[in-house]
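Okay, structure first, notes after.
The values are calculated or read from the model by the stated rules, or taken from the named source; none is laboratory data. The model shown is predicted, which means the values in this text are computed figures rather than measured ones. Heads up, the Cβs are rebuilt from the backbone with ideal geometry, glycines too, and the neighbour counts pull from every protein chain shown. In case anyone asks, the SASA skips ligands and DNA or RNA and just uses the protein heavy atoms, side chains included. Shrake-Rupley method; radii C 1.70, N 1.55, O 1.52, S 1.80 Å.
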Amino acid sequence: MLGIVFTEFMEMVETRFSADVLDDVLDEANTETDGAYTAVGYYDHKEIIQMVVALSKRVNVPVDDLVEAFGEHLFGVLSSKYPALIAYHANTLDALESID
């Protein structure tokens, strides 16, 4: 999965909750990369699942609600910062699939 997904997830957690919550999530998720992501790297999608589950436990918000909130956040960022990623696709799902 493209690293921007990971970096934007961490940005959302820090903005909506706090830097302390993000630190706790990264500790709890215990990912192979230990939370070290770059926007242009590629990472195992299982790591973001681990982080979402850890965030859900930490803030007591259902996983489904967090995934929806992150989807809204990510699409907003992609469409404003990287319009080329979105512009050439027929629909939202095709655009998201192109970034894996």
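Quick notes
- Helices (runs of 4 or more DSSP H) enclosed by segment 25-95 - at least 1 residues per element that are open to solvent by 60 Å² or more (accessible area, probe 1.4 Å), within 13 Å of PHE6 (Cα to Cα) and in contact with a helix residue (DSSP H, G or I) (Cβ under 8 Å, 6 or more places away or on another chain): 45-59, 63-81
- Every condition in (1) on the phi > 0 side of the Ramachandran plot; (2) modelled with pLDDT of 95 or more is met by ASN30 except one, and the failing one is (2).
- Evaluating ILE4 against the criteria (1) surrounded by 11 or more Cβ atoms within 10 Å (Cβ to Cβ); (2) more than 12 Å from the chain's Cα centre (by Cα); (3) assigned to a helix (DSSP H, G or I); (4) of a type in the set (A, V, I, L, M) leaves one unmet condition, (2).
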